Structure formats: structure tokens, C-alpha cells
Amino acid sequence: MATLGLKWRFVFYVLFFGVGCWVGTLESGHHLSPFLLAAVLAFMLLFGVAFVAKPLAFLHRKGVAVPLFAASALLLGFSAGEVRNPLNSPSHFARFIESGEPSVVKVTVSDRPHPTGPYNRVEARVDNVLVGDSSVATSGMMLLYVDTATALSQGELFLLCAKIYELQPPRNPHAFDTCRYWLSRNICHRAWVNGGELFSLKNDRKGLPQRVADYREHLISKVQATGLSPSQKGLMQALVLGDRSAPGEATEEAFRRSGITHLLCVSGLHVGIVALLLLLLLKPLRALKGGRQAAAILTVAGVWVFVAVTGMAPSTLRAGVMFSFMILTRLWHRRPPMLNAIVFSALVLLMVRPAMVHEMGFQLSYAAVSALVLFTSPIRRKIPVEVWVEKVWNPLRVDDPKARQFVIYPYLLFQWLCVRLVDCTIAALVAQLATLPLSLYYFHQFPVYFLLANVMVVPFASLMLGAMALLLVLLCCGLRPLFLERAVGEMLSWLQGFADWVSSLPGAVVQGIYFDRPMLLVGVGVVVSCCVLLYRRRWQWGALAAALLVMLVAYDLLNLRQASRQHLWTVYFHRRPTVEIFSGNRSLVLYDAAHGADYLDYLVKDNDIAHRISSRTLQRIDLPLTLTSSSGGKYLVVAGHHDYYRYDATILQDVDTLVLVSPSRRGEESWRDMAEEANVRVYNIKTEGSLTRDFIPIEK
């Protein structure tokens with residue numbers, strides 16, 4: 001490590017800072033904060049003494065400085081995660097309410113409503129909490145689930161009278177951790193409300209976020225006023241304004257199966273186009289005195305207006321910080337390495353919000369762009385496309401000068417197309433391979449034709465985005481160019497049609513890929529080892545990559561063997577009582593006959609990823625249901641609201657455990673009285689989480 005260059009040392013330290021932020025924002029690491037904060041102070045004191053007494057050369061000579069700085073970065077990242085934790089703020093509203101108890105708070109809706117079943121989900125900022133007879137100014141964000149009959153808009157001010165609950169980690173097996181996801185966005189409470197629990201207040205003050213939101217709604221209204229079809233309008237809103245909910249689930253699924261879903265996320269490509277257009281428009285200003293500085297500042301301001309209008313996603317924030325850093329440093333006639341600009345943007349974002357390190361978009365964005373910067377150019381230098389094109393078609397071989405001039409322009413166009421094709425192919429391969437472990441971990445699927453889709457779409461993405469941006473600017477100026485509108489409509493129709501065609505090809509996507517956290521870590525190790533091998537060209541890194549790959553395959557085969565031998569049943573609840581029986585690689589889902597199969601939660605449909613289920617069968621049942629375990633225990637599964645008055649303690653004969661699923665208060669009390677009379681243990685799924693037991697299969 002002591003031989004690392006300055007550029008790589010900076011990357012190395014920021015990487016450790018990110019790991020510290022990861023640990024510091026985990027709920028399980030909070031009890032270590034006093035000790036680690038004391039360690040941070042000790043390290044700061046150590047380096048203060050080092051700079052005063054000048055023994056730093058000794059540390060470098062002994063190879064101690066880099067590990068010490070890495071440890072300091074790790075501890076500082078942990079401290080940043082602790083300090084920026086919203087629950088640690090003395091003004092957070094959680095300090096003035098009790099979870100699950102009625103509270104009166106004043107909230108401001110901070111985003112657009114998102115439909116989630118019978119509710120609209122919105123993020124709201126808690127401004128005040130009523131404590132006794134006084135109102136206390138607070139901070140913090142929460143989720144509101146409001147019935148669809150209640151109309152909400154961004155920036156509205158409400159008085160909320162409802163029970164506010166703290167987010168809980170998932171209790172069902174292999175469920176998505178929504179608690180950690182929302183914690184990464186500084187949200188740790190939620191409430192379900194109806195229209196009668198919300199009282200609208202007059203909001204005379206409009207802050208900057210509200211003004212940006214209003215301007216975004218204005219731009220969306222301009223898109224909706226065009227003559228494009230509804231699907232084209234939704235696609236344009238996603239591509240230009242970052243509105244992921246606009247295209248619809250069918251379009252998003254087609255893009256995901258084609259491997260081009262990154263186009264629906266406003267990222268560095270979009271921000272780069274905006275920055276380039278601004279630089280071209282402000283180029284005449286640079287001829288004036290002080291114009292170069294003014295042009296740079298205006299360009300950065302325009303970039304951040306675009307970042308704010310498009311929703312400030314992690315990929316957009318990364319691109320905004322990176323382009324701002326590069327534009328401003330050029331004022332001092334410096335061109336920083338692209339990798340340093342990327343790492344600097346990550347450092348800035350993590351210092352502002354350390355929990356962002358848990359977000360999927362943050363991880364995928366930085367993995368893809370770092371790989372593109374590091375490996376696209378070295379691989380491209382190994383492929384002499386220009387030499388190959390010259391061997392196929394060399395206009396200099398034409399003896400006639402007039403004929404040579406006639407041939408030179410088609411030759412240059414052909415050469416440009418070949419170079420562009422190779423560049424897009426390399427970029428698609430590098431980005432896909434760099435993000436492959438993360439993609440398998442989060443999406444559990446792999447788009448087979450991603451290379452075909454990216455090679456066909458990405459070269460024309462800049463043209464499409466530029467045309468849509470120009471159309472939006474002209475619409476805001478009160479103009480409506482019909483020719484440009486028709487051209488944008490044709491491009492969007494082609495893009496959507498191409499995505500639908502690729503997604504409909506046989507074997508377009510491999511689904512149900514099992515990839516857990518150990519496999520993710522090993523997969524990242526394989527990718528990093530291959531990357532270092534490309535630069536260092538030492539056989540040790542190749543051997544390490546091969547060993548990790550063998551370890552990954554062995555772990556996968558072991559999981560397959562264990563899954564083929566599993567015989568267990570699981571009782572869990574998420575919206576509806578569900579019992580799932582796993583036998584080898586098959587599954588039988590038993591759901592309450594009082595409800596249809598449409599009520600089965602997505603967790604029931606997705607847990608085949610964790611259990612390696614090749615086939616699933618749905619069957620309706622009537623509770624109560626009796627289950628047995630391999631140890632001989634007998635379990636009676638009941639839903640607390642199901643005709644509890646029809647049964648007495650005799651139903652619990654020979655039963656070891658009574659399993660309550662979604663009981664009402666009166667039903668739970670009745671069943672508990674029966675269990676106490678029969679001396680039977682009670683297990684409540686709602687409070688104790690899912691129940692899983694092995695069973696002995698019946699031999700046929």
C-alpha cells in the first residue's frame with residue numbers, strides 16, 4: 001500500500017470512508033459509537049502531533065501512514081454516519097411522540113403521491129408537533145399512506161391527527177428490508193390516514209424545494225400538452241424529467257428485460273448533454289473580461305437546476321457534483337483525472353448523507369461509471385478499429401484525385417460508424433460486467449440480449465435526448481414546432497417498439513437467479529481481481545479471480561444441494577395469512593379461502609429466489625389448519641378473526657402450539673383464553689415474526 005500513487009491513495013481513502021458510512025448507518029452498530037468516536041479523536045490527535053513533530057517521513061518510510069490514514073477514514077465515515085443519523089438530531093419529531101400512540105403534527109408534503117394499492121404514498125416533512133398545549137418546531141421526514149379518495153399535491157401543508165408508527169424490520173422470510181431502504185433516505189416513521197384525519201392549512205411560504213417542484217409540474221404539463229400518445233408522453237417524462245412512474249409498469253418491464261432500463265434513469269449522460277448545451281450557448285460570453293468565470297458559474301448553476309428538477313436521484317447527484325468539480329477546476333487551468341472527480345463526488349454525497357451508501361442507485365451508478373472510466377480506454381487501445389477499417393477500405397488506394405475526393409467522405413462516415421459501434425460495445429460490456437453482481441443481487445435476473453439492445457440504442461441516445469430537451473425548451477418559450485414534435489414521437493415509438501421486440505425474443509431474460517450477500521461479496525471480489533489484473537498483469541491476481549470464481553460456483557452448488565433436500569413449512573403474514581410448504585425444489589402455497597389469490601403479497605411470489613423453487617402451486621384453504629414438525633410438535637394455525645366464537649378449548653387437544661395469524665383484538669383474547677385453559681403455548685405471527693419448522697415427508 002505504501003507504493004500507491006496519490007490518485008489511488010485518494011480513491012483508497014474514500015473507499016474506506018464509504019465502508020465506515022455503511023457500518024455507521026447500520027442499526028446494529030450504534031452501540032459502538034462512543035468507543036469509535038473516541039478512537040477518531042485519538043487518531044486526530046495522533047496526526048496533529050505527527051504534523052507538528054514532523055515524524056511523518058518516518059511513517060511513510062515504514063509503510064505505516066497508509067494503513068493509519070485508511071483506519072482514520074473508516075472511523076470518520078462511521079462518525080459521519082452517526083452524526084448525520086436523523087434520529088440523533090435533538091429536534092427530530094420522534095423525540096416528542098410515542099410510536100403507535102395518537103399524535104398531532106403539522107406536515108408538509110414533499111413529493112408527488114405514488115399509488116400503492118388502496119393508498120397513495122407520499123413523503124412528508126414534520127414541521128411541528130403538539131406537545132401538551134404548546135407546539136414544538138421539529139425536523140425529520142415520515143411516510144404517509146393516504147386513501148386514494150384524498151387528493152394531495154406537493155407542497156401542501158396539513159395538520160395530521162393519527163397514530164405514527166416506527167418502521168420495523170421485516171419479519172417474513174426473505175422479505176425486502178423496507179426499513180433499511182427508507183432509513184437510507186432519512187425516513188424512519190410512517191402513518192396510515194384517511195381524509196378525515198388530515199386538515200388542510202394555508203401555506204403562504206414557498207421555499208426553494210416547493211418552487212422547484214412547481215416548476216417540474218409546469219414542465220410535465222408542457223409535455224402533456226403535446227400531441228404525443230400517452231405512452232410517448234410517459235416515456236419522454238422519464239427520459240428528460242426523471243419521472244419513473246410515468247412510463248407504466250409494462251414499458252419499464254420491457255426496458256428491464258432488454259437491459260436498457262438505465263435510459264429511464266436520469267444520469268451522467270443527461271447531465272453531460274445539459275452541460276454541453278450550456279457551454280455552447282455561453283461560449284460568446286467567454287470573450288468578455290471575466291466572461292470565462294461567469295460562463296463556468298452559470299453552467300454549474302444550470303446543471304444544478306436540471307438536477308433539482310429531475311428529482312435529485314443518486315446518479316444525477318453524482319453527475320452534478322462531478323461536472324461541477326471539473327468545470328470549476330478548469331478556471332485554474334487544471335484538468336483533474338476523471339476518476340478523482342468521480343471519487344470526489346462520492347465523498348461529497350456521503351458527507352452530506354452517509355446513508356446514501358445503502359441505496360441501490362448509488363451503488364450501481366458508481367460501479368458503472370468507475371468501470372467505464374478505468375477500463376474503456378485500455379480495452380479500446382487494444383482494438384485498432386481504424387487499422388482494420390483501413391485494411392477493408394482505404395481511399396488512398398484510388399489513383400484518381402477526383403475519385404478519391406468522392407470516396408473520402410463515405411469512408412470517414414463508415415470509419416466513424418465502426419468506431420462508434422466498437423465504443424458502444426465495449427462500454428456496454430464493461431458496465432454490465434461491473435454491475436453484474438449488484439444486478440443479480442437486487443434484480444435476480446440477467447438480460448441475455450443486453451449487448452444487442454445497448455449497441456442499437458445508446459449511439460442514438462444523445463440525439464434523442466437533445467431533440468426532446470430542445471422540444472421542451474421551445475414549448476416553455478410558447479412555441480410548438482410540429483416537425484420536431486413528430487420527429488420526437490417517431491423516435492420514442494421506435495425506442496419503445498425496439499424494447500418490446502427485444503424483450504419478446506425467446507430467452508430474453510434469465511430469471512430466478514439465486515444471489516445472496518456472501519455471493520455478492522465474492523462476485524465483487526471476482527470483478528475487482530479481474531480489474532486489477534487488467535492493469536497490473538500479474539498472475540497472482542488472475543489466480544485470485546479464478547479461486548474466487550470456483551468458491552462462488554461451489555457455494556452455489558452447495559445451496560442447490562441443500563435446497564433439494566429441504567422439507568419445511570413457513571407461516572407468515574403480510575396483508576393476508578399464508579402458509580407455504582417447501583419440499584425439495586417445489587412449493588405449495590396455502591392461502592386463506594376468505595380472500596382471492598390476487599391478495600397474495602409479492603413476497604410470496606418472490607421467495608422462490610431464496611428457496612430455489614422450480615414450481616409453485618396455489619391452493620385455497622380454510623383455517624384452522626393443523627401442521628406437524630419433524631420433532632413431533634403439533635401446531636394449530638388460526639386467523640384470530642375467523643369465527644373464534646364457534647370453537648372451544650377442545651379444538652386444542654393434542655396441540656403443542658397455537659399459531660395466531662392476523663388476529664383481531666377480541667379474537668386474540670378469546671384464543672388466548674382457550675390456550676390458557678388447555679395449557680397450550682401461543683405464538684403470534686404479528687408480534688413474533690414468521691414461524692418456520694422442518695417436517696418429515698410422507699413416503700408414497
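The values are calculated or read from the model by the stated rules, or taken from the named source; none is laboratory data. Remember, it's a predicted structure, so these values are computed and weren't measured experimentally. In this analysis, Cβ positions are derived from the backbone assuming ideal geometry, glycine residues included, and neighbour counts consider all displayed protein chains. The area values use the complete protein model at the heavy-atom level, side chains included, leaving out ligands, DNA and RNA. Shrake-Rupley method; radii C 1.70, N 1.55, O 1.52, S 1.80 Å.
Put a dot 7 Å past each Cα toward the Cβ at Val348 and Ala543; how far apart are the dots in nm?
A separation of 4.4 nm, rounded to one decimal place.
Quick query: amide H of Asn585 versus all other amide H atoms, modeled in the peptide plane; which residues come in under 5 Å with a sequence gap of 5 or more or a different chain?
Placed amide hydrogens put nothing under 5 Å from Asn585.
Explain nothing, just the number: relative contact order of segment 295-378, from Cα pairs under 8 Å at least 6 residues apart, as a whole percent.
30
Starting from the Cα of Val131, move 7 Å in the Cα-to-Cβ direction to define the label point; list residues of segment 94-118 whose amide nitrogen is under 16 Å from there.
94-99, 103-106, by backbone N distance to the label point.
Specify whether the C-alpha gyration tensor of segment 106-255 places it in the rounded, prolate or oblate class, a ≥ b ≥ c being the square roots of the eigenvalues: rounded for a/c under 1.5, otherwise prolate if a/b is larger than b/c and oblate if not.
oblate
Would you mind computing, in nm to one decimal, how far apart the modelled labels at Arg480 and Arg536 are, each placed 7 Å from Cα along Cα→Cβ?
Computed distance between label sites Arg480 and Arg536 equals 6.3 nm.
Quick check for you: which residues of segment 557-571 have the amide N under 20 Å from the point 7 Å beyond the Cα of Leu588 toward its beta carbon?
563-571
Leaving out ligands and nucleic acids, and using a 1.4 Å probe, what accessible area per residue does segment 216-316 come to in Å²?
I get 44 Å² per residue for segment 216-316.
Sort 271-279, 95-103 by the packing proxy (mean of other Cβ within 10 Å over each peptide's residues), most packed first. Mind showing how you got there, number by number?
Numbers: 271-279: 18.9, 95-103: 14.1.
Packing order, densest peptide first, comes out as 271-279, 95-103.
Tally up the carbon and sulfur contribution to the accessible surface of segment 245-308 as a whole percent, 1.4 Å probe, everything protein left in place.
Carbon-and-sulfur percentage of accessible area, whole number: 70.
Which of rounded, prolate or oblate describes segment 106-183 when judged by the alpha-carbon gyration tensor and an a/c cut-off of 1.5?
oblate
Apply 1/(1 + (r/R0)^6) to the Cβ-Cβ distance of Arg211 and Thr425, taking R0 = 56 Å, and write down the FRET efficiency to the nearest 0.05.
0.80
Which order do peptides 463-472, 211-220 fall in by mean Cβ count within 10 Å, highest first? It would help to have the intermediate numbers written out before the result.
Working: 463-472: 17.6, 211-220: 15.9.
Averaged packing, sorted descending, gives the order 463-472, 211-220.
For segment 518-580, what % of the accessible area comes from carbon and sulfur atoms, probe 1.4 Å?
That fraction is 70 percent.
Suppose accessible area is computed on protein heavy atoms with a 1.4 Å probe; arrange Arg420, Arg330 from highest to lowest.
Largest accessible area first, the list is Arg330, Arg420.
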